[in-house]
Amino acid sequence: MKARFLVAANSSGCGKTTLTVGLLRVLAHRGLHVQPFKCGPDYIDTQYHQQACGTESVNLDTWFADADHLEDVFRYYGADADVCVVEGVMGLFDGYRQWHGSAAEVASLLRLPVILVVNARSMAFSAAAIIRGFRDMMADLLPGGPSSTSAIVGVIFNQVGSPRHDRLLREACEAVGITCLGTIPRLKTMEVPSRHLGLTLENKAAIESFISQAAQTVASNIDIDQLLAVCSAVNEPLTKEQEQPSTEKERKKDDSSLFTPHASRKIAVARDEAFNFTYRENIDWLRSRGNVVFFSPLNDESLPPGTDFLYLPGGYPEFFLPALSHNKAMQRAIADYIEGGGHALAECGGMMYLCRSIIDEKGNHWPMVGILAQDATMEGKRLHLGYRELNGLRGHEFHYSTIVGEEAALVQGHWLTTNGEPATPYYIYKNLVAGYTHIYFPSSRTFFLP
């Protein structure tokens, strides 16, 4: 790699995503092979990343996986990249338990230099105290101290109001001894599109407009050459052999006790505008165990012929209720497959699709597959989120709907929260496992395929 770095912030809402997608687009337009990553379990920002630079983004989450797996994933996907850009999550030190699970922990484990984004609205030289505090805390918490490769090496200010404001902020950086890589002016057009609009063509156009504006702003206000230089200067030299394990067996060493891969095993994965919340490592994990074939519950009328395992991931089914409800041929095909003993996993939106109906915000019932004797409703919607664990298998929950009228006979148990309290249930019907939790497949040996 020529450079690798993590984009962090002092809190949520400082502009991490805006800056990241702008950087990704600018670097890609320079002809560089850019590999994006995202700290945490987010499956929406990763889609912004892919649209910005054309390369599928990869999640890095220290709750999902141990340090060895995280480093293995980073090196594997970044092996051929000119630049690896990692977007942080929330504030730099915000994790599921103190700083564990935070962007700072990812930076420490992967020895990534950190670019700190600071929202400078209503602030001038006081920014020096914030920068110094973040730099010193990073040095105190992480191995290697101030000279560690995971140190904060540069600052970018957002929401800058005037040339005088710019000068005062740069003086704050000079006082702390940290490089100022640029300042982003206050722009109303730089707001990230709502993450709960669905990836419709209309919304994709809005996202593209946002990315294009972000790239123009980054190119005009950030010293890209200086950014790459300061990050490359602290990167440890990595050889090609160190970057990319030579064999699949070596890369998947933690999975040695799992099933023998079968090239003839056909794994059908739903992927369209309604179902697209997947982790890249999950799909590659499935590919190492069979032939992955994508299909669309929205547009297709049958499952891929010879399906041995069906995966219905989450997404935005609530935005496509008429199309999903009217596609009776696909509903029958999925119902027949599961009733016939076919193995299947349905997560969140995929689980909602298998219910008797999905109830929209106005109370209208839209008939769905009907394998699960319950309904999913968007009425009175409220956010449910957090990490979940079940017998060593780890995942994340993020949804606004709730289940009503569930039959107790289907509930087989409950996922646990990070504090050990029971969370949402999971359902088993024949060879179907379903629930709200998005599972990170490589997190445990207990995950199975037929």
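The values are calculated or read from the model by the stated rules, or taken from the named source; none is laboratory data. Predicted, not measured: the structure shown is a model, and the values here were computed from it. Cβ placement follows ideal geometry from the backbone for every residue including glycine, while neighbour counts extend to all protein chains displayed. Surface areas here come from the heavy atoms of the whole protein model, side chains and all, with no ligands, DNA or RNA. Shrake-Rupley method; radii C 1.70, N 1.55, O 1.52, S 1.80 Å.
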**OP:** State which residue is nearest to Gly405 (Cα to Cα) when the search covers only region 316-366 and only residues that are open to solvent by 10 Å² or more (accessible area, probe 1.4 Å), hydrophobic (A, V, I, L, M, F, W, C) and in a helix (DSSP H, G or I).
**Re:** Ala335
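Is it fair to say Pro313 is surrounded by 18 or more Cβ atoms within 10 Å (Cβ to Cβ), in contact with a helix residue (DSSP H, G or I) (Cβ under 6 Å, 6 or more places away or on another chain), under 19 Å from Asp360 (Cα atoms) and modelled with pLDDT of 95 or more?
The answer is no for Pro313.
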Original post:
Is it true that Tyr77 is buried (at least 18 other Cβ atoms within 10 Å of the Cβ), within 14 Å of Thr20 (Cα to Cα), hydroxyl-bearing (Ser, Thr, Tyr) and out of contact with any His (no Cβ under 7 Å at 6 or more places or on another chain)?
Top reply: no
Subject >> Failed condition for Ile334, given (1) hydrophobic (A, V, I, L, M, F, W, C); (2) modelled with pLDDT of 95 or more; (3) over 23 Å from Trp285 (Cβ atoms); (4) out of contact with any strand residue (DSSP E or B) (no Cβ under 6 Å at 6 or more places or on another chain) >> reply: (3)
Original post:
Do you know which residues across region 283-299 are at pLDDT 95 or above and among the polar types (S, T, N, Q)?
Top reply: Asn291, Ser296, Asn299
Original post:
Considering region 155-181 alone, what residues qualify as being part of a helix (DSSP H, G or I) and open to solvent by 20 Å² or more (accessible area, probe 1.4 Å)?
Top reply: Pro163, Arg164, His165, Asp166, Arg167, Leu168, Arg170, Glu171, Glu174, Ala175
**OP:** Could you give me the residue pairs with C-beta distances under 6 Å whose first residue belongs to region 63-77 and is over 14 Å from Gly40 (Cβ atoms), whose second residue is open to solvent by 20 Å² or more (accessible area, probe 1.4 Å) and of a type outside the set (D, E, K, R) wherever it lies, and which are 6+ apart or on separate chains?
**Re:** Ala67/Leu109
Subject >> In region 16-51, residue farthest from Asp136 (Cα to Cα) [restricted to those that are small (Gly, Ala, Ser) and buried (at least 24 other Cβ atoms within 10 Å of the Cβ)] >> reply: Gly22
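Residues checked against (1) of a type in the set (A, V, I, L, M, F, W, C); (2) more than 18 Å from Phe275 (Cα to Cα); (3) at pLDDT 95 or above; (4) not in a strand (DSSP E or B):
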site	(1), (2), (3), (4)
Lys381	no, yes, no, yes
Ala409	yes, yes, no, yes
Gly413	no, yes, no, no
Gly420	no, yes, no, yes
Thr424	no, yes, no, no
Original post:
Would region 369-379 turn up any residue that is part of a helix (DSSP H, G or I) and of a type in the set (Val, Ile, Thr)?
Top reply: no
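Within region 336-345, does at least one residue satisfy the condition of being out of contact with any Cys (no Cβ under 8 Å at 6 or more places or on another chain), closer than 23 Å to Tyr426 by Cα and among the charged types (D, E, K, R)? Spell out how you get there, then give the answer.
Kept after step one, since they are out of contact with any Cys (no Cβ under 8 Å at 6 or more places or on another chain), are these residues of region 336-345: 336-345.
Still in the running and closer than 23 Å to Tyr426 by Cα: 336-345.
Now restrict to residues that are among the charged types (D, E, K, R): 336, 339.
For region 336-345, residues out of contact with any Cys (no Cβ under 8 Å at 6 or more places or on another chain), closer than 23 Å to Tyr426 by Cα and among the charged types (D, E, K, R): present.
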**OP:** Filter region 81-137 down to the residues that are buried (at least 19 other Cβ atoms within 10 Å of the Cβ) and polar (S, T, N, Q), then identify the one that is nearest to Ile156 (Cα to Cα).
**Re:** Asn119
Original post:
Is it fair to say Glu389 is open to solvent by less than 30 Å² (accessible area, probe 1.4 Å), among the acidic types (Asp, Glu), in contact with a strand residue (DSSP E or B) (Cβ under 6 Å, 6 or more places away or on another chain) and not in a loop (DSSP other than H, G, I, E, B)?
Top reply: no
**OP:** Among residues belonging to region 280-306 that are under 11 Å from Val269 (Cβ atoms) and touching a Pro at 6+ places or on another chain (Cβ under 6 Å), point out the one that is surrounded by the most Cβ atoms within 10 Å (Cβ to Cβ).
**Re:** Phe295
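State all residues of region 62-95 that are part of a loop (DSSP other than H, G, I, E, B) and either touching a Cys at 6+ places or on another chain (Cβ under 7 Å) or among the small types (Gly, Ala, Ser) (or both); if no residue qualifies, say none. Show your work before the answer.
In the first step, residues of region 62-95 are kept if they are part of a loop (DSSP other than H, G, I, E, B); the result is 62-66, 79-82, 88-95.
Those that are part of a loop (DSSP other than H, G, I, E, B) and either touching a Cys at 6+ places or on another chain (Cβ under 7 Å) or among the small types (Gly, Ala, Ser) (or both): Ala65, Ala79, Ala81, Gly88, Val89, Gly91, Gly95.
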Subject >> Members of region 28-51 that are over 23 Å from Asn119 (Cα atoms), part of a helix (DSSP H, G or I) and touching a residue at least 60 places away in the same chain (Cβ under 8 Å) >> reply: His29, Gln47, Gln51
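Does Glu56 fit the bill of being out of contact with any strand residue (DSSP E or B) (no Cβ under 7 Å at 6 or more places or on another chain), touching a residue at least 40 places away in the same chain (Cβ under 8 Å), outside any helix (DSSP H, G or I) and closer than 26 Å to Phe277 by Cβ?
Working: out of contact with any strand residue (DSSP E or B) (no Cβ under 7 Å at 6 or more places or on another chain): yes; touching a residue at least 40 places away in the same chain (Cβ under 8 Å): yes; outside any helix (DSSP H, G or I): yes; closer than 26 Å to Phe277 by Cβ: yes.
Yes.
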